[in-house]
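Novice: The structure is given below, and queries will be raised subsequently.
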Amino acid sequence: MTRPDARPVASHFVDGAYVEDAAGTPIPVIYSATGETIATVHAATPGILERALASAERAQVAWAVADPAERGRVLRRAADLLRARNRALSELETLDTGKPLQETLVADAASGADALDYFGGLAADVTGTSIRFGEDWAYTIRRALGVCVGIGAWNYPTQIACWKAAPALATGNAMVFKPSETTPLCALKLAEILIEAGLPAGLFNVVQGAGEVGAALTTDPRVAKVSLTGSAATGRKVAAAAAGGMKHVTMELGGKSPILVFEDTDLEDAVSGAINGNFYSSGQVCSNGTRVFLHESLHDAFLDRLHARLADVVMGDPLDEATNFGPITTAAQADIVMRHIATAEAEGATVAIGGRRLDRAGYWIEPTVLTDLSDDMTCVREEIFGPVMSVLTFADEAEAVARANATEFGLSAGLFTRDLARAHRVVAQLRAGTCWINQYNLTPAGMPFGGSRASGIGRENARVAMDHFTEVQTVYVGMGRVESAF
Ligand code: NAD
């Protein structure tokens, strides 16, 4: 396949235009399918950060009092532009991440457009309440927070930028977005498109860089909120730094989510759910159900079907739409995944399927299924963030629930059963922010998404995200005389 040119116009998008400052540390953009450098950007210098924050602060004042219906129209026009350019944006997402075009054509710019449409539609519906106290009364106003910072992970660069920008902008905030240093390209396209859709300059800025740029943004006194998508370790650091300035936070972090498969399940659906929840995006999905708990009666049949279904994996050129499984996004992450597989074997696990790194350029690891596991093994406890499914068995429902909850994380959970009462009884006991019954990993824009415990704070998407980008101002209205003691 001919590879499109991935090089951006410049590293950053600030105050409505591309800007470069080559004094910043060079960051190579590596195409993970081949290991080749396909572009280079520069980390933001203090001068770039200053321009981004100053323009955001300036532009936000007028945006906060703009007609909310107009804010919504801008977002919906941006959604239309994303959809119209879906193929080019998907190709760029594939080059940025390595994910196959078969996926990016349906999951990335498309999901971003859905979020822009959704929050564009809600923009004019930000309302307060009124409360009576006899003659007196009070009312509330939902106010924008001001300048918000978005910090992204590398697995869904377009989607993450849109999921953060859309509710922030709909409610009258400005955003400075820092993509992951390993996937810096896609957010720049969103910035370009928002300007084309009519967003005033300065309201959505993209600055590049690694953790230190994110840290500088997090602690800047002009910043009112930080919304991070990343690992639990980074989340702890960013939340602590934000707390120093009493800033709002949304933390979308990692997980080690369970999928429970009961004995009355439609087996083929459960296998499909487990495949989607472990191998989509080569396993680099925060909400993946990497602990698959099977009722013990299903073990052999489930593994037989997994074997058969994984024979259809095509690990080819990600730009070829026939390819359905891509590489790991970075060399470092591929090493982490291979170390996890080796540790699992050393601790007594069986590699039932896959387990090998392909002998070719790039960072390719086979979809891998581990069996003969116990809950205390490293691969069952720690997030791997790669294509590694741990298969465990249980004897009864109470045991399944207790073991599913025995984790510090709480991002997601799934269960497969035909028993309606059991489905709702079990889901009510699962300690996870986002759960699926007879489905896995679908995240429409109208559904709150996020985790509990070590998996994060706050929710993205749905109406609740509008609350997370606003705060309540209360106004007491005195209707009579003012009484005082003296
Ligand atoms: P990461 O934590 O290494 O980095 C995330 C982002 O934080 C990057 O942009 C990075 O530059 C920045 N960063 C690092 N240190 C920082 C600091 N001190 N201050 C401010 N910013 C800092 O995560 P990653 O490896 O890019 O992504 C993988 C992780 O993200 C996994 O744990 C995965 O589960 C999680 N994730 C969660 C969700 C979700 O919605 N819950 C979605 C995707 C990924």
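The values are calculated or read from the model by the stated rules, or taken from the named source; none is laboratory data. Quantities reported herein were computed from a predicted structural model and do not represent experimental measurements. Counting neighbours? That spans all protein chains shown, and the Cβs are built from the backbone with ideal geometry, glycine included. For accessibility, only protein heavy atoms count, side chains too; no ligands or nucleic acids. Shrake-Rupley method; radii C 1.70, N 1.55, O 1.52, S 1.80 Å.
Novice: Enumerate the residues in region 390-409 having an amide nitrogen under 14 Å from the point lying 7 Å beyond the Cα of ARG309 toward its Cβ.
Specialist: Within reach of a label on ARG309: 390-391.
Novice: Now for a separate question. Give me the distance between the Cα centres of region 417-444 and region 230-256, rounded to whole Å.
Specialist: 27 Å
Novice: Accessible area of LYS99, 1.4 Å probe, to the nearest 10 Å²?
Specialist: 10 Å²
Novice: Turning to a different aspect of this structure: For a Förster distance of 22 Å, can you work out the FRET efficiency between the beta-carbons of MET447 and SER272, rounded to the nearest 0.05?
Specialist: E(calc), rounded to 0.05, equals 0.65.
Novice: So, one more: Could you give the length gained on full extension between ARG339 and GLU483, defined as 0.36 nm per residue of separation minus the Cα-Cα distance, in nm?
Specialist: Contour length minus the Cα-Cα distance gives 44.6 nm.
Novice: Tell me the carbon and sulfur percent of the accessible area for the chain, rounded to whole percent, probe radius 1.4 Å.
Specialist: About 54 percent, which is the carbon plus sulfur part of the accessible surface.
Novice: Here is a follow-up. Could you pull the accessible area for GLU57 with a 1.4 Å probe, rounded to 10 Å²?
Specialist: Counting only protein heavy atoms, the figure is 90 Å².
Novice: Under a point-charge model restricted to the Cβ atoms of Lys and Arg (+1) and Asp and Glu (-1), what is the dipole moment magnitude of the chain relative to its Cα centre, in debye to the nearest 20?
Specialist: Using Cβ point charges on Lys, Arg, Asp and Glu, the chain gives about 1340 debye.
Novice: Continuing with this model, one more query. Please turn the phi angles of region 253-269 into ³J(HN,Hα) values with the Karplus equation 6.51 cos²θ - 1.76 cosθ + 1.60 (θ = phi - 60°), one per residue in order, whole Hz, x for glycine and proline.
Specialist: Working through the residues one at a time gives 10, x, x, 8, 7, x, 10, 9, 10, 8, 5, 8, 6, 6, 4, 5, 5 Hz.
Novice: Would you rank GLU20, GLU252, GLU483, GLU212 by solvent-accessible area, highest first, keeping every protein chain in place and using a 1.4 Å probe?
Specialist: Greatest to least solvent exposure: GLU483, GLU212, GLU20, GLU252.
Novice: What FRET efficiency would be calculated for the residue pair ALA332, ALA240, taking the C-beta separation as r and a Förster radius of 25 Å, to the nearest 0.05?
Specialist: For ALA332 and ALA240, the calculated efficiency is 0.55.
Novice: Right, here's the next one. Which cross-chain or sequence-distant (5 or more) residues have an amide H under 5 Å from the amide H of TRP137, H modelled 1.01 Å from N in plane?
Specialist: The answer is VAL477, MET479.
Novice: Next question. Under 27 Å Cα to Cα from LYS99, which lysines show up? Leave out anything in the same chain fewer than 8 places away.
Specialist: Within the straight-line limit of under 27 Å, LYS99 reaches these lysines: LYS164, LYS178, LYS189, LYS256.
Novice: Run the simple label-point estimate for ASP136 and THR219 please: 7 Å along Cα→C-beta, distance reported in nm.
Specialist: Roughly 4.3 nm, to one decimal.
Novice: Separate question: So, by mean Cβ neighbours within 10 angstrom, what's the order for 300-308, 333-341 with the highest one leading?
Specialist: The packing order, highest mean first, is 333-341, 300-308.
Novice: Still on this structure: Can you list residues from other chains, or at least 5 along the same chain, whose modelled amide H is less than 5 Å from the amide H of PHE177?
Specialist: GLY150, ASN205, VAL206, VAL207
Novice: Something else now. Subtracting the Cα-Cα distance from 0.36 nm times the residue separation, let me have the gained length for GLU296 to ARG422 in nm, one decimal.
Specialist: 43.6 nm
Novice: I would also like to ask the following. Going by average Cβ neighbours within 10 Å, how do the peptides 447-458, 171-182 rank, with the highest at the top?
Specialist: 171-182, 447-458
Novice: Give me the net charge for the shell around GLU268: Cβ to Cβ below 13 angstrom, other residues only, Lys and Arg +1, Asp and Glu -1.
Specialist: 0
Novice: To the nearest 10 degrees, how steeply does helix 299-310 sit against the main Cα axis of the chain, on a 0 to 90 scale?
Specialist: 70 degrees
Novice: For the pair GLU399 and GLU36, how long in nm is the line joining their label points, each one 7 Å along Cα→Cβ?
Specialist: Each label point is offset 7 Å from its Cα along the Cβ direction, giving 5.3 nm.
Novice: Next up: Taking amide H positions as placed 1.01 Å from N in the peptide plane, with prolines and chain starts having none, which residues 5 or more places from MET389, or on another chain, fall under 5 Å of its amide H?
Specialist: Excluding prolines and chain starts, which carry no amide H, the hits are THR368, VAL369, LEU370.
Novice: Using a 1.4 Å probe on the protein heavy atoms only, what accessible surface does TYR18 show? Give it in Å² to the nearest 10.
Specialist: 50 Å²
Novice: Could you tell me how many degrees, from 0 to 90 and to the nearest 10, lie between the Cα long axis of helix 86-97 and the main elongation axis, the longest principal axis, of the Cα atoms of the chain?
Specialist: Roughly 70 degrees, rounded to the nearest 10.
Novice: Suppose the chain between ARG143 and ARG431 were pulled fully straight at 0.36 nm per residue; how much longer would it get relative to their current alpha carbon spacing?
Specialist: 100.5 nm
Novice: Note down the nm distance, to one decimal, between modelled labels 7 Å out along Cα→Cβ at ARG381 and at ARG58.
Specialist: Inter-label distance under the simple model: 5.3 nm.
Novice: Each residue of region 207-222 in turn: what ³J(HN,Hα) in whole Hz from Karplus with 6.51, -1.76, 1.60 and θ = phi - 60°, glycine and Pro shown as x?
Specialist: Residue by residue, region 207-222 yields 10, 9, x, 9, x, 5, 5, x, 5, 5, 5, 4, 9, 5, x, 6 Hz.
Novice: Ok, one more. Could you give the distance between the Cα centres of region 279-304 and region 321-395, to the whole Å?
Specialist: Comparing the Cα centres of region 279-304 and region 321-395, I get a distance of 12 Å.
Novice: Over the chain, what is the relative contact order in percent, taking alpha-carbon pairs closer than 8 angstrom and at least six residues apart?
Specialist: 18 percent
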